[in-house]
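Bear in mind these aren't lab numbers, they're just calculated from the coordinates by the rules spelled out. Computed from a predicted model, the values in this text were never measured in an experiment. Don't worry about glycine lacking a Cβ; one is built from the backbone with ideal geometry, like all the others, and counts go over all protein chains shown.
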């Protein structure tokens, strides 16, 4: 699955967070939970997590269960190994983030988004873990941008040439119901006409998967990402009203309820946004100039990695053998993880 330098997928993040909890032993307690007086221990939890074969992923149809290509434990190990290789490479290049760099970056992010820390701590992510994430993200950025210059004029030109990147698209909050025949369409319309709650009606008749878990909520909020026929119906429907029935495929009919809409707006280009643009342009230049995947693969090949957890030894040996084979390249499977798997 190649080194990935987009945001780390939720599987690895969840895996590391849970493994971290196992390591901490819940502040001295060996109990993860107690069910009707029966304890689920940290060992029970860890043993299951390491071999868990499926996860819940977010889709446009709501949360769905999906099989994993490899266990969460092995995915987490890949990410953690990749973290160490990245930090070590930054140190070798004399660009490793300092504690002051990390503090200033967090301060900058709070300035850009005042709820930055609040949103993370609300997910029980402590400051130490946030700092770990920021450290890795800065290390990767510093590696990629080492020796690269982006001038204020470059930033001005990019902003001028890319106006669509500095606007917030129109947003919509909507519920939906899907049926497969005319009889159910009439039943839905009849119940809605009596003032029945849309979610209640959707849970009764909708053929959409996981309708009860999602409470009939459409997963997409960016109005411009909807197919034209859906977008047109949503645009022409006022808040608090339902769209007409829309033919969504063979024997599939869909109706939206519009909870709220927000018009498109321009984003104010202030000094902090200009800094963000400058850094993103530098990173893009760096990605074009440096094959970071190949560099980290090289670091992996020359590193001594001794996996000591029995449950991971066999899987990691397969990964290591594949990477060290003569045919291995930057497109081979490599330890994944663009950002610290601790969120």
message = With the crude spin-label approximation of a point 7 Å out along Cα→Cβ, what separation in nm comes out for residue 190 versus residue 160?
response = 6.5 nm
key: Per-selection Rg to Rh, region 105-197 - Cα, Kirkwood hydrodynamic radius   = 1.25
message = What does the extension gain come out to for residue 121 and residue 270, with contour length at 0.36 nm per residue minus their alpha carbon separation?
response = 50.9 nm
request  = Please report, to one decimal in angstroms, the Kirkwood hydrodynamic radius of region 59-113 built from all distinct Cα-Cα pairs.
outcome  = 14.7 Å
request  = State whether region 247-292 is rounded, prolate or oblate according to the following rule on the C-alpha gyration tensor (a ≥ b ≥ c being the square roots of its eigenvalues): a/c under 1.5 gives rounded; otherwise a/b larger than b/c gives prolate, and the remaining case gives oblate.
outcome  = oblate
request  = Just grab the label-to-label distance for residue 235 and residue 100, each label 7 Å out from Cα along the Cβ direction, in nm (one decimal).
outcome  = 5.3 nm
query = How would you rank 184, 270, 306, going from fewest to most other Cβ atoms within 10 Å of each one's own Cβ?
reply = 306, 270, 184
ask   = When the Kirkwood hydrodynamic radius is evaluated over all pairs of different C-alpha atoms of the chain, what value in angstrom, to one decimal, is obtained?
value = 23.8 Å
Nitroxide proxy distance, nm - points 7 Å out along Cα→Cβ at residue 306 and residue 47 = 2.7 nm
Choice from 153, 294, 311 with maximal GNM fluctuation in the chain (Cα, 10 Å cutoff) = 153
request  = Output the Cα-based Rg and Dmax of region 195-299 in Å, rounding Rg to one decimal and Dmax to a whole number.
outcome  = 21.6, 64
request  = Compute the acute angle (0 to 90°) between the alpha-carbon long axis of helix 72-92 and the principal axis of greatest extent of the alpha-carbon atoms of the chain; round to the nearest 10°.
outcome  = 50 degrees
remark   = From fewest to most C-beta neighbours within 10 Å, the residues 212, 78 line up as 212, 78
key: Residue among 219, 195, 126 with the largest mean-square fluctuation in a Gaussian network model of the chain, springs linking Cα atoms under 10 Å   = 195
note = Here the Cα Rg-to-2.2 N^0.38 Å ratio for region 181-224 is 1.25
query = With the radius of gyration and the Kirkwood radius both derived from the Cα set of region 50-143, what is their ratio Rg to Rh?
reply = 1.06
ask   = If we count other beta carbons within 10 Å of each Cβ, what is the order of 314, 206, 41, fewest first?
value = 314, 41, 206
